[in-house]
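What follows is a short report on a single structure.
The values are calculated or read from the model by the stated rules, or taken from the named source; none is laboratory data. Nothing here was measured: the structure is a model prediction, and the numbers come from that model. Note that we place each Cβ from the backbone using ideal geometry, even for glycine, and neighbour counts take in every protein chain shown. Protein only, heavy atoms only, side chains kept; ligands, DNA and RNA dropped before computing areas. Shrake-Rupley method; radii C 1.70, N 1.55, O 1.52, S 1.80 Å.
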Amino acid sequence: MAWDPVWDEVFKGREWGKYPPEEVVRFVARNFYRAPDRRAVRLLEVGCGTGANLWFAAREGFSVYGIDGSTAALETAKARFSAEGLPGEFIRGDAAALPYPDGFFDGALDIACLYSNAEDDARRIIAEVRRVLKPGGFFFSRTFMAGSLGLPADRGVVRLMEEDGISGLYAGFSSLEYDSLARTDGNRAMAIKEWLITCRK
């Protein structure tokens, strides 16, 4: 399984991620808000954690599916969806072996999942995402950039992405665009730099 069990302890030990980042809202709005029937639009998140991004998408009327290796995170996601009466499917599984048919999804999200996988595992996850996307489907990946400083070192694999590695890792899509985001935290003790990568099958 392309997942480190250290994340189960992380999710058990702290409240984590109730709201989506602005970049997820923008990606979903730009690519799916004009759909005539939002319920017909299926969105997948690999490494969905506690479901904050899918919570937003479900509230906007989309059909959402999440996969993660952490039982603790998935229990939190399911409880929140149940409490709010939101539909959504959450399963514990391996993002490198997605249990969905070819061409099932209109869009997919990776919000800091791929960075916690070795490059070979990340390639397998991306290939699986590409497989389950419909032709013309979109994949949004937010991943940490080389030069980031102060990221927690106790969470298993930490893989930082050089710009010249993006086109190779995300190869196989018909289009690929990327932007960047940088900020500091902890009175500038941390330098957080991220790639915002959008691919289309």
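Work from the charge dipole of segment 33-120 (Cβ charges, +1 for Lys and Arg, -1 for Asp and Glu, about the Cα centre) and give the residue of V64, P87, L43 farthest towards its positive end.
Projecting each Cα onto the dipole axis, the largest value belongs to P87.
Considering only protein heavy atoms and a 1.4 Å probe, what is the carbon-and-sulfur percentage of the accessible area of the chain?
48 percent
Using a 1.4 angstrom probe, figure out how much accessible area the chain has per residue, in square angstrom, rounded to the nearest whole.
That works out to 48 Å² for each residue.
Between D37 and T184, what FRET efficiency follows from the Cβ-Cβ distance if R0 is 35 Å, with the result rounded to 0.05?
Given R0 = 35 Å and the Cβ-Cβ separation, E is 0.25.
Given DSSP loops and a limit of at most 13 other Cβ atoms within 10 Å, what is the longest stretch of the chain that contains no such GluC sites (Glu not before Pro)? The partial results should precede the final answer.
Numbers: sites that count: E15, E162.
That would be 16-161.
Compute the signed sum of charges (Lys and Arg +1, Asp and Glu -1) over the other residues within less than 11 Å, Cβ to Cβ, of M161. Walk me through the intermediate numbers first.
Working: positive: R142, R159, K193; negative: E119, E162, E163, D164, E194.
Computed value for this residue: -2.
Using helices alone, what [θ] at 222 nm do you get for the chain, with -39,500 (n - 2.57) per DSSP H run of 4 or more residues, divided over all residues and rounded to the nearest 500?
Working: 6 runs with 59 residues, N = 201.
So the helix-based figure for the chain works out to -8500 deg cm²/dmol.
Dividing the Cα convex hull volume of segment 97-201 by residue count, how many Å³ per residue is that?
Per-residue hull volume (Cα only) is 95 Å³.
Output the relative contact order of segment 47-165, whole-number percent, from Cα pairs under 8 angstrom with separation of 6+ residues.
Answer for segment 47-165 is 23 percent.
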